[in-house]
Amino acid sequence: MRSLLFVPADSDRKLAKGAGSGADALILDLEDAVALDNKPAARAGAIDYLNTRDTDNPQTIIVRMNALDTEFWEEDLSTIVPAKPDAIMVPKTISGACIAKVCAHLTTLENTHGLAPGSIKLMNVATETAASMFNLGTYGNVSDRFFAMTWGAEDLAADLGARSNRDSAGNYTEPYTLARALCLLGAVAADVMPLDAIHKDFRDDAGLEEQARAAIRDGFTGKIAIHPAQVPIINTVFTPTEEDIAEARAVVKAFADAGNPGVVGLDGKMLDRPHLRQAENVIERAKAIQT
């Protein structure tokens, strides 16, 4: 998945726009984008969307539940699971134990409603509290449902009591660049997709593109969007170009032609096994997008 678009589940208008946005996934939000009094309406909106979803639209449908330290999360799951979302996003996780807790709850609900065990996947927002920052290495092998991890700077800033999470030049300050890096490392260590966080200024196309290019440079495989206008930029950045694919195939061919040694020469450069892995990843990502 290249692009995942947040949509408040209590807004029919925004849900309709999200469906036509071209995002690889929609995240129907029951949490931060929804006022406390509107939680029931958001659940109803998510259920209606899931029950009437266009089967010809390939978008993955994810529902962001409320956090485990709230009174809402169990009702979120018991209400939403019968409508069979593709996945649940768990916000404000502290460690892999939070994913295990939701997984156990999902298993019970799937059994109750006659759904295939493990059919509803899980992802999380992993860096929204100070405590969570010490546990980014605890998500490995926590559940076969677990497929992706992203990070967040806004809730983390609130938890830290920060006046801002950016410096005078508009760049993230150290606690938040650390959160980004640990999320990337934690996701790769857990063998799940690392997804870059939102760019909250949805009118800043240049800033969004810069962030997205930095993300794919560092190893993120996709990015979260908060506005449909951000989706085409994200999709473009995270889609390998024909040139990228040609270069990757040339690297793979060079290793194969040489009998898959540890090092090969190509166009005057020495390439080793990590370069081969990078090339294979580009090819795999291109195939996944095409299908």
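The values are calculated or read from the model by the stated rules, or taken from the named source; none is laboratory data. The shown structure was predicted, so the numbers you read here are calculated from the model rather than taken from an experiment. Cβ atoms come from the backbone with ideal geometry, glycine included; neighbour counts cover every protein chain shown.
A few remarks follow.
- When ASP69, ASP76, ASP48 are screened for being at pLDDT 95 or above, crowded, with 18+ Cβ neighbours inside 10 Å and not aliphatic (A, V, I, L, M), only ASP76 passes.
- Here LEU271 passes the criteria (1) out of contact with any Leu (no Cβ under 6 Å at 6 or more places or on another chain); (2) at pLDDT 95 or above except the one numbered (2).
- Taking the range 231-242 as the range and being touching a residue at least 40 places away in the same chain (Cβ under 8 Å) and polar (S, T, N, Q) as the test, the residues that pass are ASN235, THR239.
- When residues of the range 128-146 are limited to those that are buried (at least 17 other Cβ atoms within 10 Å of the Cβ) and outside any loop (DSSP other than H, G, I, E, B), the one nearest to the chain's Cα centre (by Cα): PHE146
- Test result for VAL90, under 16 Å from VAL142 (Cα atoms) and assigned by TED's automatic domain parsing to the domain that holds MET193: yes
- Any hit, the range 112-127, residues being part of a loop (DSSP other than H, G, I, E, B), at pLDDT 95 or above, among the basic types (Lys, Arg) and surrounded by 13 or more Cβ atoms within 10 Å (Cβ to Cβ): no
- For ALA248, the criteria (1) within 25 Å of ALA130 (Cβ to Cβ); (2) outside the structural domain of VAL7 (by TED's automatic domain parsing); (3) not β-branched (Val, Ile, Thr) hold in every case but one, which is (1).
- Unmet requirement for PHE220, which otherwise passes all of (1) over 16 Å from the mean Cα position of the chain (by Cα); (2) aromatic (Phe, Trp, Tyr); (3) part of a loop (DSSP other than H, G, I, E, B): (1)
- Test for ASP191: is it free of Cβ contacts under 8 Å to residues at least 12 places away in the same chain and not in a helix (DSSP H, G or I): no
- All positions within the range 1-24 that are in contact (Cβ under 8 Å) with a residue 60 or more places away in the chain and buried (at least 18 other Cβ atoms within 10 Å of the Cβ): MET1, ARG2, SER3, LEU4, LEU5, PHE6, GLY18, SER21, ALA23, ASP24
- Residue match in the range 15-31 (condition: touching a Pro at 6+ places or on another chain (Cβ under 7 Å) and acidic (Asp, Glu)): yes
- Looking across the range 42-64 at every residue that is among the polar types (S, T, N, Q) and not in a helix (DSSP H, G or I), the one that is nearest to ASN124 (Cα to Cα) is identified as THR60.
- Residues in the range 231-290 that are part of a loop (DSSP other than H, G, I, E, B) and among the hydrophobic types (A, V, I, L, M, F, W, C) were compared, and the one that is surrounded by the fewest Cβ atoms within 10 Å (Cβ to Cβ) is ALA258.
- Those residues of the range 79-97 which are within 15 Å of GLY186 (Cα to Cα), surrounded by fewer than 22 Cβ atoms within 10 Å (Cβ to Cβ) and β-branched (Val, Ile, Thr), in sequence order: ILE94
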